[in-house]
1. Name, by its number, the condition in (1) touching a helix residue (DSSP H, G or I) at 6+ places or on another chain (Cβ under 7 Å); (2) outside any strand (DSSP E or B); (3) more than 13 Å from chain B (Cβ to nearest Cβ) that does not hold for A:Phe42.
2. Is there any pair linking a residue in the stretch A:1-22 that is more than 7 Å from chain B (Cβ to nearest Cβ) to one that is modelled with pLDDT of 90 or more and not in a strand (DSSP E or B), with Cβ under 6 Å and at least six apart or on different chains, and which?
3. Out of curiosity, is B:Gly155 in the same structural domain as B:Cys20 (by TED's automatic domain parsing), on the phi > 0 side of the Ramachandran plot and not polar (S, T, N, Q)?
4. Could you count how many residues in the stretch A:26-39 are closer than 27 Å to B:Arg112 by Cβ and facing another protein chain (nearest Cβ under 7 Å)?
5. Which residue, of B:Glu183, B:Glu121, B:Glu170, is more than 9 Å from every other protein chain (Cβ to nearest Cβ) and more than 11 Å from the chain's Cα centre (by Cα)?
6. Which ones in the stretch B:86-121 are part of a loop (DSSP other than H, G, I, E, B) and touching a strand residue (DSSP E or B) at 6+ places or on another chain (Cβ under 7 Å)?
7. Among B:Lys192, B:Lys123, B:Lys154, which is the only one that is within 28 Å of B:Glu265 (Cα to Cα) and at pLDDT 95 or above?
8. Any idea which of B:Leu70, B:Leu24, B:Leu60, B:Leu83 is in a helix (DSSP H, G or I) and among the aliphatic types (A, V, I, L, M)?
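The values are calculated or read from the model by the stated rules, or taken from the named source; none is laboratory data. This is a predicted model, so every value here is computed, not measured. Cβ: placed from backbone, ideal geometry, glycine included. Neighbour counts: every protein chain shown. Keep in mind that these areas ignore ligands, DNA and RNA; they rest on the heavy atoms of the full protein, side chains included. Shrake-Rupley method; radii C 1.70, N 1.55, O 1.52, S 1.80 Å.
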Amino acid sequence: MKAETAYRMTVSFPGELDYIPLVRKLVSDVLLVLHFSPKFTFRSEFIVDELCNNAVTYGSSTDRSPVELLCETYSDRVEFTVKDQGGSSENIKRLRQAIAEESSGKGAGLELVRLLAEKVTCTIDENNLTQIHVVRTREGL
Amino acid sequence: MNDDAPNIEITDIPSMPEVCLVRLNGDLDIDSVSAIDRCFSRHADSTKKHAIADMSNVTLVASAALGKLLGIKRRFVERGGDLVLAAMSLELKMKFVLMGANKIFKIHNDLRSAMNAYAWEVKHETEHIRLSFPSQLAIVPAVRNFVSQVMLHKGYNDRDSFRIETIVDEICNNAVQYGSHEEHDNITLRIKVDWEKVELDAENISDPGKGDMLRMYMNNMKNDVRIHEDEKRGRGLALVKMLASELKADVTDKGTMVHVTKLKEEQVYGISD
């Protein structure tokens with residue numbers, strides 16, 4: 001498999017916490033197949049876990065709103081995008097705060113994601129649809 | 001919250017009229033028992049067959065309170081429903097496990113999981129999962145494993161999960177083999193999980209160079225052409241046909257869509273685990 005090629009994988013699953021370990025394992029298996037190191041893979045797995053947990057817990061307006069994870073792999077980096085259907089205004093406010101404040105004390109998960117990744121961006125549109133994009137560079141480059 | 005029962009509040013769930021949400025708080029000790037009972041007798045009317053207890057703010061469950069919850073659970077079971085517990089702290093969950101109460105009560109990680117479990121087990125609602133992955137054979141085992149785990153999670157037995165995994169492996173391998181390998185030409189796998197069946201749709205983008213080979217293959221499959229015993233290939237779809245309840249394929253110039261339906265074994269043979 002050519003390392004230069006960009007690969008895109010998308011998983012859309014019901015907004016339920018029980019699905020997250022399965023999705024995390026899928027991402028981990030795919031990254032290992034694409035020759036990312038076990039350490040890099042494990043840390044990426046943590047990012048996926050955290051982003052999906054947040055999307056399910058705070059970003060689903062109804063019980064079964066789907067969560068979508070996009071995983072793009074390049075020779076030098078992995079990019080994750082998690083999209084959800086948007087939560088309550090209170091949760092959106094909390095998310096905005098967690099993104100804006102580097103160390104708010106709250107949202108420790110997102111803080112850890114920030115530590116593990118090079119770039120974390122969050123977009124919330126007018127319908128409260130939330131999208132978090134994380135870029136993680138391959139180690140040793 | 002009720003003045004005479006400060007540890008308990010019963011509310012309706014608008015999307016689920018037959019379910020009530022029971023929020024329990026603080027220490028559920030011997031003093032709370034009668035208050036819990038009173039509150040249930042007053043608020044949980046007979047139209048509610050099912051109750052979800054939110055345990056996120058519970059710090060202690062004394063044996064008397066556990067006994068009361070058991071009694072309430074029995075009332076719901078007699079109505080054809082259940083009382084399930086959700087969002088317990090790890091410490092409390094450990095205590096429930098030590099007491100063996102986890103064998104009596106269904107314990108869900110969070111409220112949403114409890115509601116989704118109700119929708120799945122009682123209302124038999126369908127769940128949709130969609131996967132889009134690069135057209136690479138090396139990715140297929142990860143996909144196959146993911147689908148198998150989803151099936152186990154949704155209560156399909158080991159045999160069904162293994163068979164569905166085999167079907168996924170075969171249809172995805174074929175999608176890779178006969179489809180385009182261009183960078184953005186992904187394979188899409190749609191999974192519709194039902195209480196009694198699973199439907200799989202694997203879709204790829206055509207590789208113009210392989211169209212004739214694929215048509216011949218699909219024709220052989222439709223006409224039930226026997227595979228010669230020396231033949232190294234071609235057994236895959238025959239195996240899928242054998243394992244699945246229904247197999248349909250639609251080959252166009254744009255791409256191929258394979259649709260497989262697999263009934264849950266219990267539905268076919270009336271077996272229950």
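1. Result: A:Phe42 passes all but (1).
2. A:Ile20/A:Cys52
3. Details: in the same structural domain as B:Cys20 (by TED's automatic domain parsing): no; on the phi > 0 side of the Ramachandran plot: yes; not polar (S, T, N, Q): yes.
Considered against the rule, which asks whether it is in the same structural domain as B:Cys20 (by TED's automatic domain parsing), on the phi > 0 side of the Ramachandran plot and not polar (S, T, N, Q), B:Gly155 comes out as no.
4. Just the residues of the stretch A:26-39 that are closer than 27 Å to B:Arg112 by Cβ, to begin with: A:26-30.
This time we only want the ones that are facing another protein chain (nearest Cβ under 7 Å), so: A:26, A:29-30.
Adding up the residues that qualify gives 3.
5. B:Glu170
6. Step one: list which residues in the stretch B:86-121 are part of a loop (DSSP other than H, G, I, E, B), which gives B:87-89, B:100, B:104-106, B:109-110.
Passing the criteria: B:Ala87, B:Met88, B:Phe105, B:Lys106, B:Asp110.
7. Values: B:Lys123 fails: at pLDDT 95 or above; B:Lys154 fails: at pLDDT 95 or above.
After applying the criteria, what remains is B:Lys192.
8. Details: B:Leu24 fails: in a helix (DSSP H, G or I); B:Leu60 fails: in a helix (DSSP H, G or I); B:Leu83 fails: in a helix (DSSP H, G or I).
B:Leu70 is the lone residue from the list that is in a helix (DSSP H, G or I) and among the aliphatic types (A, V, I, L, M).
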